[in-house]
Amino acid sequence: MRSTFFIATLITSASAFAQADLAGAPDLAKASGCYSCHANGEKVVGPAFAAIADKYATEKDAAASLAQSIQNGSKGKWGRIPMPAHPSLSTADLKTLSTWVLTVKP
Ligand code: HEC
């Protein structure tokens, strides 16, 4: 009984943390210039964030591989236009952005 309560509390606080962590992500994306090439629901220069979330929905470790793409740049996965590297983003910001992109709905 007590341990059930403990686990429930743990799960609740973990998801509250994840939400709080991602709440600032859209502003971070704006400040980082992501929206000059991306939009949530439609292709601009780069693919829609919702399309990216859809493509990697079932892929384990998707956030880690997207963080790599954002940091080092990406080409050939979505078309002929490459994404430039973003070497100045911190590891924490890369994690926030890549985790958040995977939650964007069309
Ligand atoms: C100069 C335009 C440009 C900017 C700025 C840009 N992107 Fe991209 N992004 C692209 C293009 C083009 C692609 C498709 C690359 C490809 O085909 O591999 C892409 C692909 C992606 C992908 C998918 C990568 C993959 O592995 O499939 C993610 C995630 C992403 N961008 C997130 C971001 C975030 C977050 C930022 C802001 C830090 C950002 N992008 C800024 C143009 C841009």
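The values are calculated or read from the model by the stated rules, or taken from the named source; none is laboratory data. Because the structure is a prediction, the values reported are computed rather than measured. Note: areas computed on protein heavy atoms with side chains; ligands, DNA, RNA excluded. Shrake-Rupley method; radii C 1.70, N 1.55, O 1.52, S 1.80 Å.
Numerical summary
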read-out: Rounded if a/c under 1.5, otherwise prolate or oblate - segment 24-98, Cα gyration tensor axes; value: rounded
read-out: Accessible surface, segment 25-101, averaged per residue in Å² (probe 1.4 Å); value: 60
read-out: Share of carbon and sulfur in the accessible heavy-atom surface of segment 25-101 [1.4 Å probe, %]; value: 56
